[in-house]
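First the structure, which I've put down as structure tokens, then a few questions once you've had a look.
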Amino acid sequence: MVSYSTETILTSIFMITVSFVAVIGNSLVILAILWNKRLRTICNFLFLNLAVADMLQGAIAMPLRLADQLNQTEKRPLIPCLVVIPLTVFLFGASNFNLTLISLDRYLALKKPFLYTNFADPRKATIIVALSWLLIFIIAFLPIFGWGQTDTADITDICLYSTTLSRDYLFMLFSIVNLSVIITLAFTNYFILKTARNQIRRINITQSHVTGIDGALSVQKDDLSVSVVLGRPTSDCETMNSDQSRAKVPKAGGSRERRATKIMLIVVGIFVFLTTPITVIDIISLLGCPTCTPLTFVKITVFMAYSNACVNVFVYAGFNTDMRNTWICIYRQVKGAISSRFRC
């Protein structure tokens with residue numbers, strides 16, 4: 001009987017938990033966007049692709065790494081490293097690329113609103129997303145086709161980037177999938193935060209010239225224009241999935257754009273916080289000092305990167321009212337269908 005150390009048991013429990021939350025949580029995000037027609041915007045389409053990538057990380061990449069960690073009875077991994085590592089790179093990279101597209105989407109919406117109007121087309125967005133998936137697929141599976149693998153890729157007892165992938169390939173991988181993504185996110189989010197500060201300043205100046213009564217009337221008017229659909233509130237589950245009601249909802253574009261930008265900033269901030277440490281460690285290792293970082297700290301940063309796949313759903317639940325209401329409506333409809341089916 002194989003006995004595992006306390007560390008292995010704890011890390012395995014962590015990976016199982018993260019994997020479960022990533023699959024269930026991101027499946028809920030996908031379900032909400034597909035179910036509620038009012039959530040089918042370009043920005044939410046990009047969030048949907050991010051949810052798909054994160055869900056597949058939890059469903060495929062993490063279980064493969066868990067099986068690799070628990071395999072202590074064989075001299076070779078249960079699954080070849082040239083399958084485990086490329087799949088991990090593919091799904092992690094797809095998540096990074098989709099997050100970059102979300103950040104660029106918000107950047108264009110604020111920096112070039114007229115250009116963004118032409119760009120924000122479902123067909124163009126689908127092509128761009130498909131190209132990003134194709135690019136990371138080619139990059140990730142190059143080692144299978146003969147470029148980027150090491151001589152020890154098939155004989156190592158555990159799958160690691162350093163023992164499976166060549167140094168030249170790792171330089172290329174981290175430059176495109178990690179470093180360029182972080183630089184792009186830093187640039188776009190600096191501009192977005194700067195623009196948001198300027199907008200808040202202008203709003204405060206404008207509000208200082210408006211009386212409290214006028215402001216209350218304006219807010220009341222806006223609430224009525226947005227909340228009434230065919231004489232019913234927008235939270236009504238029947239209106240969420242109706243093409244007719246969707247067409248008649250007055251568009252609150254500014255509010256929707258601000259909410260999408262706020263969610264994007266939170267998601268990107270969490271991503272940078274959770275993935276930057278392991279990126280820095282990987283770069284230090286590639287520069288010739290693989291033992292400079294304590295092993296315990298390396299494991300902590302790896303777990304931080306893994307957990308990024310399951311945190312976005314909590315951001316949506318906390319800051320996206322439409323998505324939260326959609327989950328409530330889905331729950332009520334499922335509960336009602338089950339109750340009616342088993343009613344005597």
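Tell me, what HN-Hα J-couplings in whole Hz come from the Karplus equation 6.51 cos²θ - 1.76 cosθ + 1.60 at θ = phi - 60° for each residue of region 114-126, using x for Gly and Pro?
After applying 6.51 cos²θ - 1.76 cosθ + 1.60, I find 6, 5, 5, 4, 6, 6, 6, 10, x, 5, 5, 4, 5 Hz.
Arrange the residues Asp168, Asp322, Asp151 by how much accessible surface each exposes, largest first, with a 1.4 angstrom probe.
Asp151, Asp168, Asp322
Loop only per DSSP, at most 14 neighbouring Cβ atoms within 10 Å: give me the chymotrypsin sites (Phe, Trp or Tyr not before Pro) in region 102-180, ordered by residue number. All intermediate terms of the calculation are to be shown ahead of the outcome.
Working: sites: Tyr107, Phe114, Tyr116, Phe119, Trp133, Phe137, Phe141, Phe145, Trp147, Tyr161, Tyr169, Phe171, Phe174; in loops: Phe141, Trp147.
Here the chymotrypsin sites (Phe, Trp or Tyr not before Pro) that fit, given the DSSP loop and packing criteria, are Trp147.
Okay, moving on. What three numbers, in Å, describe the spread of the alpha carbons of region 1-131 along their principal axes, ordered from the longest?
Taking max minus min along each principal axis of the Cα atoms, region 1-131 gives 65, 29, 22 Å.
Okay, next question. On the full set of protein chains, 1.4 Å probe, figure out the accessible area of Arg202 and give it in Å² to the nearest 10.
140 Å²
Also, I was wondering about something else. Give the carbon-plus-sulfur fraction of the accessible surface of region 1-118 in %, rounded to a whole number; probe 1.4 Å, heavy atoms of protein chains only.
Numbers: 3700 of 5250 Å².
Solvent-exposed carbon and sulfur of region 1-118 make up 71 percent of the total.
Additional query: Please list Thr321, Thr279 in order of solvent-accessible area, largest first, computed with a 1.4 Å probe with all protein chains present. Numbers along the way, then the final one.
Working: Thr321 65, Thr279 5 Å².
Greatest to least solvent exposure: Thr321, Thr279.
Once R0 is set to 51 Å, what does the formula 1/(1 + (r/R0)^6) return for the Cβ-Cβ distance between Thr296 and Arg343, expressed as a FRET efficiency to the nearest 0.05?
Working from the Cβ atoms, E equals 0.35.
Could you work out how much longer the chain between Phe171 and Phe303 gets when fully extended? Use 0.36 nm per residue separation minus the Cα distance between them, nm to one decimal. Intermediate values should be presented prior to the final figure.
Details: separation 132, 0.36 × 132 = 47.52 nm, distance 2.22 nm.
That works out to 45.3 nm of additional length.
Additional query: For Thr150, which sequence-distant residues (separation of 5 or more, or a different chain) have an amide H within less than 5 Å of its own amide H, given hydrogens modelled in the peptide plane?
For Thr150, whose amide H was placed from the backbone, the distant partners under 5 Å are Leu165, Ser166.
Arrange the residues Phe314, Phe14 by how much accessible surface each exposes, largest first, with a 1.4 angstrom probe.
Phe314, Phe14
Restricting to Cα pairs below 8 Å that are 6+ residues apart, what does the relative contact order work out to for region 1-113? Please round to a whole percent.
Details: 88 pairs, mean separation 34.3, N = 113.
Relative contact order comes out at 30 percent.
Pairs Lys37/Lys335; Lys124/Lys335; Lys37/Lys299: which exceed 32 Å Cα-Cα? Intermediate values should be presented prior to the final figure.
On the way: Lys37/Lys335 21 Å; Lys124/Lys335 38 Å; Lys37/Lys299 42 Å.
Long pairs (Cα-Cα over 32 Å): Lys124/Lys335; Lys37/Lys299.
What's the carbon and sulfur percent of region 259-314's accessible surface, probe 1.4 angstrom, rounded to a whole number? Before the final figure, lay out each step's value.
Working: 2030 of 2590 Å².
In region 259-314, the share of accessible area belonging to carbon and sulfur is 78 percent.
Could you compute how much accessible surface Thr195 exposes when probed at 1.4 Å, giving the result in Å² to the nearest 10?
Thr195 exposes around 20 Å² with every protein chain in place.
Next question, about the same structure. Rounded, prolate or oblate: which fits region 276-344 when a ≥ b ≥ c are the square roots of the eigenvalues of the alpha-carbon gyration tensor, with rounded for a/c under 1.5 and prolate only if a/b beats b/c? Before the final figure, lay out each step's value.
Details: a/c = 6.47, a/b = 3.40, b/c = 1.90.
Prolate shape, in that a/c is at least 1.5 and a/b is the bigger ratio.
The values are calculated or read from the model by the stated rules, or taken from the named source; none is laboratory data. These numbers come from a predicted model, not from an experiment. Please note: Cβ atoms are built from the backbone with ideal geometry, for glycine as well, and neighbour counts cover all protein chains shown. The protein model used for the area step is the full one, side chains on, heavy atoms only, and it has no ligands, DNA or RNA in it. Shrake-Rupley method; radii C 1.70, N 1.55, O 1.52, S 1.80 Å.
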